[in-house]
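Notes follow once the structure below has been shown.
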Amino acid sequence: EIRAALDAAGHPALLLVDTISSLGSIDYRHQEWGVDVTVAGSQKGLMLPPGLSFNAVSDKALAAYRSAGLPKSFWDWGPILAANERGFFPYTPATNLLYGLREALRLLNAEGLPQVFARHQRHAAATRAAVHGWGLQVLCADEREYSGALTAVMVPESHDADKVRAIILDRFNMSLGAGLGRLAGRIFRIGHLGDFNDLSLAGTLAGVQMGLSLAGVPIDVRGLNAALELLQTP
């Protein structure tokens, strides 16, 4: 929709997309959707430690890169493009992570990308069922934009999401994502991406439910059952 709007307006802006969480988790098509720059990382859907970043770059973006007079560092694609033509990197590569990436891609292809994407959507739906069952809100207001990779949960204004996170980490050794910027203390994030299965999600949601109760957040404890019912559906 964004590409179509840019084209309809004849706007020269580049379309840049952050796929740090979505690559390998959600259907994404750089060329087909007319994206100019896609940025991704190794540490989410590709199931690796941090340390690798990937850029897919259109001809339009390369032309803008070559003509731009502003100082460039992260967006300076020249050295890597020149070295890649000879099969090399312009600096020492993270060799072990590249071997790990090869294995991660093998796993994704063995499962099949349609199945990978469907698994993520199913786990996301089960997580949202638990959140709504608890009587809490998902941060995303537009259902079309629900994420298959993570779910951000809003806590009541009288409670601190970071306190909930701290209790869950201390009691159950499970780390949840924090709210950033103006959402700090208002939300926590449940990740359900990468090497994840039904039992992993069930355990995660059980830990979240226990942590919410221990933090004194008023919830309906039948929320977990709502998720389990969905997960038991073939």
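Observations on the model:
- Test set (1) open to solvent by 40 Å² or more (accessible area, probe 1.4 Å); (2) part of a helix (DSSP H, G or I); (3) free of Cβ contacts under 8 Å to residues at least 60 places away in the same chain - Arg189 fails condition number: (2)
- Among (1) in a loop (DSSP other than H, G, I, E, B); (2) under 23 Å from Gly41 (Cβ atoms), the one test that Gly216 misses: (2)
- Listed here are the helices (runs of 4 or more DSSP H) enclosed by region 34-134 that have at least 1 residues being farther than 30 Å from Arg3 by Cα and either touching a residue at least 12 places away in the same chain (Cβ under 8 Å) or in contact with a strand residue (DSSP E or B) (Cβ under 9 Å, 6 or more places away or on another chain) (or both): 95-111, 113-134.
- Scope region 192-213; condition part of a helix (DSSP H, G or I), polar (S, T, N, Q) and either over 19 Å from Pro156 (Cβ atoms) or open to solvent by less than 50 Å² (accessible area, probe 1.4 Å) (or both); matching residues: Ser200, Thr204, Gln209
- Residue check: Thr92 meets all listed conditions (1) open to solvent by 90 Å² or more (accessible area, probe 1.4 Å); (2) β-branched (Val, Ile, Thr); (3) closer than 26 Å to Thr151 by Cα but one, namely (3).
- Against the test of being in contact with a Pro (Cβ under 7 Å, 6 or more places away or on another chain) and not acidic (Asp, Glu), the options Gly34, Gly41 yield a single qualifying residue, Gly41.
- The residues in region 63-105 that are more than 24 Å from Leu14 (Cα to Cα) and among the aliphatic types (A, V, I, L, M) can be counted, and the count is 7.
- Test: residue in region 7-17 that is over 23 Å from Ala149 (Cα atoms), open to solvent by 30 Å² or more (accessible area, probe 1.4 Å) and touching a residue at least 12 places away in the same chain (Cβ under 8 Å): yes
- Condition check for Arg171: at pLDDT 95 or above and part of a helix (DSSP H, G or I): yes
- Residue within region 53-62 that is of a type in the set (Gly, Ala, Ser), open to solvent by less than 60 Å² (accessible area, probe 1.4 Å) and over 19 Å from Ala40 (Cβ atoms) present: no
The values are calculated or read from the model by the stated rules, or taken from the named source; none is laboratory data. Computed from a predicted model, the values in this text were never measured in an experiment. Cβ atoms come from the backbone with ideal geometry, glycine included; neighbour counts cover every protein chain shown. SASA here: full protein model, heavy atoms, side chains in, ligands and nucleic acids out. Shrake-Rupley method; radii C 1.70, N 1.55, O 1.52, S 1.80 Å.
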